[in-house]
Amino acid sequence: MASKLVAVGVIAWTISANAEGDAAVGAEVFVSRSLGHCVLCHRSDGVDAPFQGNLGPDLSRVGERLDADQIRARIVDPQRFNPNSIMPAYRRTSGLNDVDPAFAGKPILSTTHVDDLVAFLSRERLGALR
Ligand code: HEC
């Protein structure tokens, strides 16, 4: 079992942004305050978290509206679609305001965690197995 986990880690490390993510990890990133904290603004039937947000659209069935690449593009740089978006650009490091020097040049999420979020949100469809 341990060797299987190591192998998965190596694959995720060597294949870049379009690797197959882990939907279960993606659900954790979606909720976690120290990672995506997407529930600050979004809700999803796919996670069991209190106080889910409503500043952004309900993402329960986003997998029916957007394909994986479209979901990824919105996480990486939402201002590409709406210059006034309040959603953080989770992978963009330039063109930002008032960045703490300690965080300059560092994206909010790793590519692996973005892959995991894409896997989680892509499976968010009506009747999806949970
Ligand atoms: C500060 C609030 C905020 C946070 C935090 C946030 N979003 Fe958003 N998000 C929005 C808003 C508002 C929109 C609607 C489009 C726009 O204004 O950019 C949106 C749109 C989206 C969309 C497109 C939905 C559609 O139906 O078109 C996706 C996908 C998305 N967000 C994913 C995420 C993920 C994943 C995270 C966490 C990593 C996240 N968002 C964190 C506010 C937020």
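What about E64, is it under 15 Å from V114 (Cα atoms), in contact (Cβ under 8 Å) with a residue 40 or more places away in the chain and surrounded by fewer than 18 Cβ atoms within 10 Å (Cβ to Cβ)?
Taking the combined requirement at face value, the residue does not satisfy it.
Can you name the number of the only condition in (1) modelled with pLDDT of 95 or more; (2) surrounded by 12 or more Cβ atoms within 10 Å (Cβ to Cβ); (3) away from the ligand (no atom under 11 Å from the Cβ) that L35 fails?
That leaves (3) as the condition not met.
Consider L109 against the criteria (1) crowded, with 19+ Cβ neighbours inside 10 Å; (2) under 15 Å from the mean Cα position of the chain (by Cα): it satisfies all of them except one. Which criterion is unmet?
Looking at each condition in turn, L109 falls short on (1).
Can you pull out every residue in segment 32-50 that is under 10 Å from the mean Cα position of the chain (by Cα) and at negative phi?
Within segment 32-50, L35, G36, C38 qualify.
Being over 10 Å from the mean Cα position of the chain (by Cα) and either surrounded by 15 or more Cβ atoms within 10 Å (Cβ to Cβ) or on the phi > 0 side of the Ramachandran plot (or both) narrows it down to one of D115, D77, so name that one.
Just one listed residue meets the conditions, D77.
The values are calculated or read from the model by the stated rules, or taken from the named source; none is laboratory data. A quick note: this is a predicted structure, and the numbers were derived from the prediction, not measured. All Cβ positions, even for glycine, are placed from backbone atoms using ideal geometry, and neighbour counts span all protein chains on display.
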